[in-house]
Each structure stands twice: as C-alpha cells, then as structure tokens.
Amino acid sequence: MRSLRLVFLILAFLAGAYAWFLGRIPTAVSDPERRTDGIVVLTGGALRLDEAAQIMAAGRARRLLISGVSTDSKPEDIRERLPALPDDLFRCCVDLGYQARNTIGNAEEAAAWARSHGMATLRVVTAAYHMPRTLVELDRALPGVELVPHPVFPERVFESGSLPPVTAPLEFAKFVAALLRRRLSEASPPQPERTAPPAESAAPAPADTLPPLRPETP
C-alpha cells in the first residue's frame, strides 16, 4: 500500500509538472512592437528567419544573430532566405553563428555575441514549443540580460491546436534537464569566463564558408 501511494504521488507530481510546462508554451507574441538591442534567431525553419528579418527590417533592433548555422553554403544562400532585409542592413548588421549544434550551444553562442556588443535586451525568436527551454538556457548563459520571447508557430506542429504526442513529452524532458543545469550553475562557484569565437558578420565572409540552415525539426 505504501509503495502504491508513493507511485501515485510521483505520477501526480509528474502530471502537474507536465501541465505547468504546457502552460508555459506561448500562444501569441506578447510584445511584438518593443525595441531591443539585438535579436537572436535559432535556426531550424524558414518561418523563424522570416520573422526575425521582418523585425530587423522594421528597425526594432540594431543587430541580428542567426545562431546554429550549419556548413556548406554560400553567403547568397543565406541572403535569399532573408528577403525582407535590405542589402545594406544585411551586410552591416547580420551576424552568422555556426558554432552551435544544439540549444545549449545556441545559448552560449548568443551569450558571447550579446556580451561582445554590450546588449541589455535581447529578443529571442524560435518555435513556441521550443521557447521555454530556450529561455532557461539563455538565462543560465546570459544572466542580467532581459530576454523578450518572440515565438513562431510552425503549421505542421500547431495546425492541430496542440503539440504532437511525441514532441511534447520529449521537449518536457529537455526542459526539466535545462532547469537542473541552471540550478546547478547557480549553486556552483563562478568559473572564469570562456571566450567563445565571435559570430561572423555576413558581409566580409568569403563565398565558400557560410553554411546552410538546418530544416525545421519538431
């Protein structure tokens, strides 16, 4: 009987935590007109890039970082994916970060970039289901900088009105792991800050070094 009660309590806790997580997934952009120092967009789908480009073209930030760019692409390939941006704005104010390979890497790459440009506010563009985990990782890597979430809503994920049955539990597990990482980092003594390679500006990069963006992944 005691074992059954313990199992019930654990299941009830997990169910409550899962419902709390689902409630943290945004359903709309809460502050679309606000100006921020910078924008970071996490690669993974054209919709994210389109939204970030439109925000930048509207003058609501001074620099844009595309984080998690992959390999084997030319600059014009990246340029073609940002039709909303004028050429001069793309050349001067868009940085391409290709060190990140996951959300943890995105956070570290964005943190190094934001610090190097002295940013105090950062708009974060990614899929809505990915936003809670992204904000936790960025908050861990970049404490003291205000994060402004700007979710996008991929139709193939949200057309049914809810997350797919596999995506939601997987994202929940990763979100819990991100929370644990943040808690451990808060409990650990501060470490000497590592200097990450700076994100490259879109303008001076040679034509054979800029990478393509990865396809949308749930």
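Quick rundown of the values:
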| quantity | calculated |
| --- | --- |
| Single residue of the range 64-76 satisfying the filter (outside any loop (DSSP other than H, G, I, E, B) and at pLDDT below 80) that is farthest from GLN99 (Cα to Cα) | GLU76 |
| The one condition in (1) more than 13 Å from PHE175 (Cβ to Cβ); (2) under 13 Å from the mean Cα position of the chain (by Cα); (3) among the acidic types (Asp, Glu) that GLU137 fails to fulfil | (1) |
| Options ALA57, ALA84, ALA111: the member that is of a type in the set (Gly, Ala, Ser) and either under 15 Å from HIS150 (Cα atoms) or in contact with an Asp or Glu (Cβ under 9 Å, 6 or more places away or on another chain) (or both) | ALA84 |
| Residue within the range 46-57 that is touching a Leu at 6+ places or on another chain (Cβ under 8 Å), farther than 29 Å from GLY118 by Cβ and crowded, with 17+ Cβ neighbours inside 10 Å present | no |
| Residue within the range 28-50 that is in a loop (DSSP other than H, G, I, E, B), under 28 Å from GLU171 (Cβ atoms), in contact with a Phe, Trp or Tyr (Cβ under 7 Å, 6 or more places away or on another chain) and of a type in the set (A, V, I, L, M, F, W, C) present | no |
| Criterion: of a type in the set (Asp, Glu), more than 19 Å from ALA127 (Cα to Cα) and surrounded by 15 or more Cβ atoms within 10 Å (Cβ to Cβ) - qualifying residue of ASP37, ASP72 | ASP37 |
| Pair list, Cβ under 8 Å, 6 or more apart: the range 106-126 residue under 18 Å from ALA178 (Cβ atoms) and free of Cβ contacts under 8 Å to residues at least 60 places away in the same chain, other residue among the hydrophobic types (A, V, I, L, M, F, W, C) and part of a strand (DSSP E or B) | none |
| Which listed residue, of LEU14, LEU22, LEU82, is surrounded by 11 or more Cβ atoms within 10 Å (Cβ to Cβ), in a helix (DSSP H, G or I), under 22 Å from the mean Cα position of the chain (by Cα) and of a type in the set (A, V, I, L, M) | LEU22 |
| Filtered residue count, the range 85-108, keeping only those that are under 24 Å from LEU138 (Cβ atoms) and not in a helix (DSSP H, G or I) | 10 |
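The values are calculated or read from the model by the stated rules, or taken from the named source; none is laboratory data. All values derive from a computational prediction rather than experimental measurement. Cβ atoms come from the backbone with ideal geometry, glycine included; neighbour counts cover every protein chain shown.
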